[in-house]
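Q: So that we are looking at the same thing, I have put the structure below in structure tokens.
The values are calculated or read from the model by the stated rules, or taken from the named source; none is laboratory data. None of the values given here were measured: they were computed from a predicted structure. Cβ atoms come from the backbone with ideal geometry, glycine included; neighbour counts cover every protein chain shown. Note: areas computed on protein heavy atoms with side chains; ligands, DNA, RNA excluded. Shrake-Rupley method; radii C 1.70, N 1.55, O 1.52, S 1.80 Å.
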Amino acid sequence: MTAVPSPIPPRGPATPPTPDAAPLLSVRGLTKTFPVRQGLLDRWRGQPRAAVQALTDVQLDVRRGETLGIVGESGCGKSTLARTLVRLMPADRGSVTYAGTDVLALQGPALRRYHRQVQMIFQDPYSSLNPRMTVGQVLREALTVHRLRPPHEIPARVTELLNLVGLPPEAAGRLPHEFSGGQRQRVGIARALALEPECLIADELVSALDVSVQAQVVNLLLELQTRLQLTVLFVAHDLRLVQHLSHRVAVMYLGRVVEIADTETLFSAPSHPYTQGLLAAAPGLDPTRRRAQPAIVGELPSPLRVPSGCAFRTRCPHAFARCETERPELRARTDGQQVACHLDTPPLPEETRTARP
Ligand SMILES: Nc1ncnc2c1ncn2[C@@H]1O[C@H](COP(=O)(O)OP(=O)(O)O)[C@@H](O)[C@H]1O
Ligand SMILES: [Mg+2]
């Protein structure tokens, strides 16, 4: 089977606006587990309580004005990360810093301000839109509640917001069910933009849409990001869309970030064996960029039993003794690339390696 050429071009050279400036959003050691309900028998036997390890020591910087893609197989913790960042879900430990403030400690008015600055946009805006409110009412409410415009300016601002997302002014009079999936996604984006956010977090924004509509919504996001200088976290499992939209990409595996790199570098010279396997398995990537790597073998381990050391070692073609005992830290490999893999760090002397259990 020949690879289908990608109709969606990759984003140009990866030059996020201010590569050296302090990051807008900075995540360190972020960890989140979900305890699993224990059966009576297990409790009676004194079995330790099991927990899903959804995020483990996640480390990530998002630069102001960039689009950072987050990819990884289903269940690797992408949505948990997004929800934790917008405080929809508490973390077990770790820190999130936004423009210098400690996000996990925010309360009251400061938390409300954060909720306005960082907007999450969802896969299915239908579930979060009141079916009885017209789009105009939804937008007017957002503008009024947050006192973003004096009353006499609100109608013009509603039209402006609709225009920004490519909807006609008449859309204001319609109810959510009168729109197609792609249009509803535009309404969701308009509602988020009404609050004049600095940062958008899009979790599988277009995954439920037809491919042709996906491209339109993604292009809208691209245009808005550039025009409004938004910082965007684009969470998706479709590598082509991520490549098209992102300045940089973070790859997650079983709750950990295993590689972060400029989009260009990640797709042309992936460093982590998991990234290499993910790209090899992706349909429709530019065939000249695809490497002669085998796709990933074996099953994704259960997040209840994350392998010791490097979580990917059970599926890694290059795993050696050290990978079983020592977790690789995320380290800078080159300027634009951070990797968590022992293959990229100086190996331990042979004696130490074999002496380990
Ligand atoms: N509310 C929850 N309760 C229990 N387990 C959860 C919950 N949310 C997510 N998980 C588990 O956490 C892991 C990560 O899930 P998620 O963040 O949704 O991954 P992704 O978005 O990458 O598919 C999965 O094993 C999932 O089953
Ligand atoms: Mg998800």
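Q: Of the numbered conditions (1) over 18 Å from SER207 (Cα atoms); (2) in contact with a strand residue (DSSP E or B) (Cβ under 7 Å, 6 or more places away or on another chain); (3) not small (Gly, Ala, Ser), PRO90 satisfies every one except a single condition; which is it?
A: Evaluating PRO90 over (1) over 18 Å from SER207 (Cα atoms); (2) in contact with a strand residue (DSSP E or B) (Cβ under 7 Å, 6 or more places away or on another chain); (3) not small (Gly, Ala, Ser) leaves (2) as the failure.
Q: Additional query: Mind listing whichever residues of the stretch 221-269 are within 15 Å of ligand 1 (Cβ to nearest atom), assigned to a helix (DSSP H, G or I) and open to solvent by 10 Å² or more (accessible area, probe 1.4 Å)?
A: LEU239
Q: THR80: at pLDDT 95 or above, of a type in the set (S, T, N, Q) and either open to solvent by 50 Å² or more (accessible area, probe 1.4 Å) or more than 13 Å from ligand 1 (Cβ to nearest atom) (or both), yes or no?
A: Spelling it out, it is not the case that THR80 is at pLDDT 95 or above, of a type in the set (S, T, N, Q) and either open to solvent by 50 Å² or more (accessible area, probe 1.4 Å) or more than 13 Å from ligand 1 (Cβ to nearest atom) (or both).
Q: If you take the residues in the stretch 33-50 that are assigned to a loop (DSSP other than H, G, I, E, B) and among the hydrophobic types (A, V, I, L, M, F, W, C), which one is nearest to ligand 1 (Cβ to nearest atom)?
A: Restricting to residues being assigned to a loop (DSSP other than H, G, I, E, B) and among the hydrophobic types (A, V, I, L, M, F, W, C), the top hit is VAL36.
Q: Collect the residues in the stretch 120-141 that are under 24 Å from VAL218 (Cα atoms) and modelled with pLDDT of 90 or more, keeping them in residue-number order.
A: MET120, ILE121, VAL135, GLY136, VAL138, LEU139
Q: Give ARG49, ARG43, ARG28, ARG37 a once-over and let me know the one that is of a type in the set (D, E, K, R), at pLDDT 95 or above and more than 23 Å from GLY277 (Cα to Cα). Break it down stepwise before answering.
A: Values: ARG49 fails: at pLDDT 95 or above; ARG43 fails: at pLDDT 95 or above; ARG37 fails: at pLDDT 95 or above.
Going through ARG49, ARG43, ARG28, ARG37 in turn, just one is of a type in the set (D, E, K, R), at pLDDT 95 or above and more than 23 Å from GLY277 (Cα to Cα): ARG28.
Q: Take the stretch 25-53 and flag every residue that is open to solvent by less than 10 Å² (accessible area, probe 1.4 Å) and either touching a Gly at 6+ places or on another chain (Cβ under 9 Å) or free of Cβ contacts under 8 Å to residues at least 60 places away in the same chain (or both).
A: VAL27, LEU30, THR31
Q: Checking ALA208 against (1) modelled with pLDDT under 90; (2) farther than 30 Å from VAL52 by Cβ; (3) under 18 Å from the mean Cα position of the chain (by Cα), which single condition isn't satisfied?
A: Checking ALA208 against (1) modelled with pLDDT under 90; (2) farther than 30 Å from VAL52 by Cβ; (3) under 18 Å from the mean Cα position of the chain (by Cα), the one that fails is (2).
Q: Does any residue of the stretch 56-66 turn out to be touching a strand residue (DSSP E or B) at 6+ places or on another chain (Cβ under 8 Å) and within 9 Å of ligand 1 (Cβ to nearest atom)?
A: no
Q: Every residue in the stretch 195-234 that is closer than 14 Å to PHE122 by Cα and basic (Lys, Arg), please.
A: Result: no residue meets the conditions.
Q: Of all residues in the stretch 205-215, which are among the small types (Gly, Ala, Ser) and assigned to a helix (DSSP H, G or I)?
A: Residues of the stretch 205-215 among the small types (Gly, Ala, Ser): 207-208, 212, 215.
Those that are among the small types (Gly, Ala, Ser) and assigned to a helix (DSSP H, G or I): SER212, ALA215.
Q: Condition test on VAL218, is it of a type outside the set (Gly, Ala, Ser) and assigned to a helix (DSSP H, G or I)?
A: Answer is yes for this residue.
Q: Quick check on the stretch 83-95. Is at least one of its residues out of contact with any helix residue (DSSP H, G or I) (no Cβ under 7 Å at 6 or more places or on another chain) and crowded, with 20+ Cβ neighbours inside 10 Å?
A: yes
Q: Kindly evaluate LEU85 against the criterion of being within 16 Å of ligand 2 (Cβ to nearest atom) and not polar (S, T, N, Q).
A: Judged against the criteria, LEU85 is a match.
Q: Can you tell me how many residues in the stretch 292-340 are open to solvent by less than 40 Å² (accessible area, probe 1.4 Å), hydrophobic (A, V, I, L, M, F, W, C) and under 21 Å from ALA282 (Cβ atoms)?
A: Residues meeting the conditions: 5.
Q: Right, another one. With (1) in contact (Cβ under 8 Å) with a residue 40 or more places away in the chain; (2) open to solvent by less than 10 Å² (accessible area, probe 1.4 Å) as the list, and ASP203 as the residue in question, which single condition is left unmet?
A: Condition not satisfied by ASP203: (2).
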